[in-house]
Structures are given as structure tokens and as C-alpha cells.
Amino acid sequence: MEYLMTYGWALLAIIIVIAALLYLNPFRAPELCLFQQQGFSCSEPNAQVYLDGNNIDMNVRLWNKLGKTVTIKGIACTDSQSAKFKLGDAAVKTYSVQIPTGDSADFKVADTIPCYHADGTTRISDMSLNQEFRGRLMIWYNYQDDLDPNIQHEAQANVISLIVQQ
């Protein structure tokens, strides 16, 4: 009887540890939104990627930490690390949103950002709920005191997020 009790408690402990690991899932990649250069932040809160019908869209809060007021001219979301979008492409949603230094702007609900494949013409529609999205957020902006507003500055962020239901 003592032998069975010892092994019973050991099996129970193993089952509890396995259940905790399955619940917490410490092996999945953390959700993040991280710009490659300093000046912008999109991790407070992290970008949210969600399924809207069959298509993938993104909500994001963009923080200006550049030290100057900027005007966001365009934003794009892609699942490719090598996409070469330009302002004016079909995959780039145009805006004219000013963000003072130290402040943020939300791009959500009516201003959601549609996500495209690397070709820039095909919306991402081959992903499902709870699948991991790995992609890139690209923004084009101008400083308030730019001499030529036609010159666009560009910043890119890596995004990892679980796809949720809208």
C-alpha cells in the first residue's frame, strides 16, 4: 500500500506540472511590437491582430518618442519581412494624423490597418484564430518642420501576435 501511495503522489505531481505547462505555454513566442530604430513605440499596449471576416487586420497605438511633432502619412501591415511597400501603394493606408511628441494616436475600429502579403495586392486571408502572426508594421511620416513635405521618413516594427476575433 505504501508503494502505491508513493507512486500515486508522484504521478499526481507530474500531471499537475504538465497541466500548468499546457495552460501557461511558456514555449510560445511573446507578443510584441518593436520598432527597429528609436523614436516610435507600439508596445503600450501591443498591436492587436484580428480576424475580420476572412481577412487579417491590425489595431495599434502608436507613440511618438522622437522629440518633435510628426504627421503620420501612411501605415502598412504585412506578413513578410522583405516587403518593399511605398507610400501610395494599394497596401498602404493613407492618413494625415498629427502626433505631438510624447503623445500617441490609436489606429483602430474605423481606422484599422489591413494586412497584406508581400506582393502588396493580396489581403491576408489564409490565417485562422489563435494562429501566431509574425509580420511587419511600416509607417511613413513627416516632421512638423520638414522643409519639403514630399520627402517621407519611414520606420518599421516587427510584430508578433496571436490572431483574435474582432
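What FRET efficiency, computed as 1/(1 + (r/R0)^6) with R0 = 45 Å and r the Cβ-Cβ distance, is obtained for A90 and V17, rounded to the nearest 0.05?
On the way: r = 50 Å, r/R0 = 1.11.
E(calc), rounded to 0.05, equals 0.35.
Work out the length of the dipole vector of the range 30-165 about its Cα centre, built from +1 on the beta-carbon of each Lys and Arg and -1 on the beta-carbon of each Asp and Glu, and round it to the nearest 20 debye. Don't jump to the answer; show the numbers that get you there.
Details: 11 positive and 16 negative charges, 23 e Å.
Here the range 30-165 has a charge dipole of around 100 debye.
For the chain, adding -39500 (n - 2.57) for each run of n ≥ 4 DSSP H residues and dividing by the number of residues yields -5000 deg cm²/dmol at 222 nm. The stretch between L34 and A10 holds 4.4 nm of extra length on full extension. This uses 0.36 nm per residue minus the Cα-Cα distance.
When Lys and Arg each count +1 and Asp and Glu each count -1, what net charge do the other residues less than 10 Å away from A91, Cβ to Cβ, add up to? Once all neighbours under 10 Å are counted, the net charge is +1. For I56, nonlocal amide neighbours, meaning residues 5 or more places apart or on other chains whose placed amide H falls under 5 Å from its own, are C115, I124. A simple rule links phi to the HN-Hα coupling: the Karplus curve 6.51 cos²θ - 1.76 cosθ + 1.60 with θ = phi - 60°, which for the range 104-112 gives 9, 9, 9, 10, 8, 6, 6, 9, 4 Hz, with x for Gly and Pro.
Partner aspartates and glutamates whose Cα lies under 16 Å from the Cα of K86, excluding those fewer than 8 positions away in the same chain, are identified as D119, E154. Computed from Cα positions, the angle between helix 2-24 and the longest principal axis of the chain comes to roughly 10 degrees.
Every number in this text was worked out from the coordinates using simple rules, so none of it is lab data. The shown structure was predicted, so the numbers you read here are calculated from the model rather than taken from an experiment. Cβ: placed from backbone, ideal geometry, glycine included. Neighbour counts: every protein chain shown.
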